[in-house]
Amino acid sequence: MSSFKTFLKSGHAPTLFAAFLYFDFTFAIWVLNGAMAPFISETFNLNAAQKGFMISVPIIAGALMRFPLGVLSQYIGRKSAALVEMGLIVLALLYGFLFVDTYNEVITMGVLLGIAGGSFGIALSLGSGWFPARYKGLAMGIAGAGNSGTVLAVLFAPPLAQQFGWTAVYGLAAATMLIPMVVLWLMAKEPPDREQHQSLRQHTACLFEKDGWAFSLIYIVTFGGFIGLASFLPTYFYDQFKVTKVEAGQLTMLATLMGSGIRIVGGYLGDRFGGVNTLSVVLMAVAATLVACGFAGSSLVATTLLFMLCFAALGAGNGALFQLVPLRWPLTTAVAGSMIGEIGALGGGFLPNAMGQSKHLTGTYLWGFVAFAALAVGVLMMMRYMQLRWTRTWAEKGGRARA
């Protein structure tokens, strides 16, 4: 407890809390269509491939929004960029409440929900910007635990959609966005680590480095797997096990809750044992649990437990990776994080489409799981090769911060 108090005193705790809340609510909005997918699919009688595509659209759109918002935050400040983004989210949700009546309009709404997916780099940089290097992993883990917004979405959206209709949920979500806007306005302070005089080329330098793409590939598995599975699981549970739409959301909540909470632990483990060491264990666990999930498709209990283990590994991996980011790019953490988040989140768009195509073409979801597990193994091999240079240049053995 005393060490945690020391951690809080080393930075600005109110800003960290505001960043967490901001990320939590925007993350919930980002996955809203995935949480309500069984309702939307029933309304428009979608096939498996259409379901996968519909779920993937907000993820891909959110990935593409991350880098522009990260750059914007470097010029107007992270607090201002967050407030602008939340204002746009409210307008997007009002559009969904008032005008979405067809499948094509659902796809358009998915693009607009992608605005909420752009919050990642801003939230993590805002929350961790006040903290010294030795606590960056933990601070980013706490701010990044806002991906628990998935839990809010899958827990509340299905029963609200069942009672009021799924388009009404957009309107209710617009009202809730006022909470993080007010909290961030009153409590957050712009961190002192902002570099005001760097050129756009300097801000985007990580785009032209091998390390940036290596980190992005790792994040395709850890965060792409998290957001992709979190968005697809309500549909998977509903189709595979014939549970109710509300029960599908509750089962998804059990799995995603593990990933959200363990993200903080992942940041701590990265600080303590090194991000590379932590990620090595994570990637092996992800591959093993995904293959096991594919073969456990006849048992609801086994599948749920395996997904909980998989999400725990994915959450720890997200925290561990972003323990490494501020070590590698200490002066442009926000933009580097946004770029990595942008490329990595695209992996989340791959997974629902792979699952939908697997079911559509072969009649089983198994090959979707196997494909993503193979990707995890390939990324693990790449990381173990790259870390030989990392630990000679900017990190200690295992990926720890240098003294």
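The values are calculated or read from the model by the stated rules, or taken from the named source; none is laboratory data. Only a predicted model underlies this, so the values are computations on that prediction, with no experimental measurement involved. No Cβ is skipped: glycine too gets one built from the backbone with ideal geometry, and neighbour counts run over all protein chains shown.
Against the definition (within 24 Å of Met54 (Cα to Cα) and of a type in the set (Gly, Ala, Ser)), how does Gly114 come out, yes or no? Yes: the conditions hold for Gly114.
Listed by first and then second residue, the pairs linking a residue in the stretch 66-85 that is more than 12 Å from Phe120 (Cβ to Cβ) and in contact (Cβ under 8 Å) with a residue 12 or more places away in the chain to a residue that is part of a helix (DSSP H, G or I) and aromatic (Phe, Trp, Tyr), with Cβ atoms under 7 Å apart and 6 or more places separating them unless they lie on different chains, are Leu83/Trp185. Listed conditions (1) at pLDDT below 95; (2) closer than 19 Å to Val106 by Cβ are all met by Met36, apart from (1).
Applying the condition of being loosely packed, with under 15 Cβ neighbours inside 10 Å and within 22 Å of the chain's Cα centre (by Cα) to the stretch 171-184 and asking which residue is farthest from Ala18 (Cα to Cα) yields Leu178. Quick check: anything in the stretch 330-340 at pLDDT 90 or above, of a type in the set (Ser, Thr, Tyr) and part of a helix (DSSP H, G or I)? There is no residue in the stretch 330-340 that is at pLDDT 90 or above, of a type in the set (Ser, Thr, Tyr) and part of a helix (DSSP H, G or I). Residue count for the stretch 348-403, restricted to those that are polar (S, T, N, Q) and within 25 Å of the chain's Cα centre (by Cα): 4.
Restricting attention to the stretch 133-150, the residues that are surrounded by fewer than 24 Cβ atoms within 10 Å (Cβ to Cβ) and either without any contact (Cβ under 8 Å) to a residue 12 or more places away in the chain or under 25 Å from Tyr95 (Cβ atoms) (or both) total 0.
The test for being at pLDDT below 90 and in a loop (DSSP other than H, G, I, E, B) holds for Gln196. Note on the stretch 92-132: among residues that are aliphatic (A, V, I, L, M) and part of a loop (DSSP other than H, G, I, E, B), the one that is surrounded by the most Cβ atoms within 10 Å (Cβ to Cβ) is Ile115. Inspection of the stretch 206-228 finds a residue satisfying the criterion of being surrounded by fewer than 21 Cβ atoms within 10 Å (Cβ to Cβ), out of contact with any helix residue (DSSP H, G or I) (no Cβ under 8 Å at 6 or more places or on another chain) and among the hydrophobic types (A, V, I, L, M, F, W, C).
Here Met187 meets each of (1) within 18 Å of Leu83 (Cα to Cα); (2) buried (at least 23 other Cβ atoms within 10 Å of the Cβ) with one exception, condition (2). Whether any residue in the stretch 13-27 is surrounded by fewer than 21 Cβ atoms within 10 Å (Cβ to Cβ), touching a residue at least 24 places away in the same chain (Cβ under 8 Å) and touching a Lys or Arg at 6+ places or on another chain (Cβ under 9 Å) is what I want to check. Yes: the stretch 13-27 contains one or more residues that are surrounded by fewer than 21 Cβ atoms within 10 Å (Cβ to Cβ), touching a residue at least 24 places away in the same chain (Cβ under 8 Å) and touching a Lys or Arg at 6+ places or on another chain (Cβ under 9 Å). Within the stretch 264-292, the residues that satisfy the criterion of being hydrophobic (A, V, I, L, M, F, W, C), buried (at least 18 other Cβ atoms within 10 Å of the Cβ) and at pLDDT 95 or above are Leu279, Val282, Leu283, Ala285, Val286, Ala287, Leu290, Val291, Ala292. Cβ separations smaller than 9 Å between residues 6+ apart or across chains give no pair from the stretch 372-401 residues that are without any contact (Cβ under 8 Å) to a residue 12 or more places away in the chain and over 16 Å from Val325 (Cβ atoms) to residues that are basic (Lys, Arg) and not in a helix (DSSP H, G or I).
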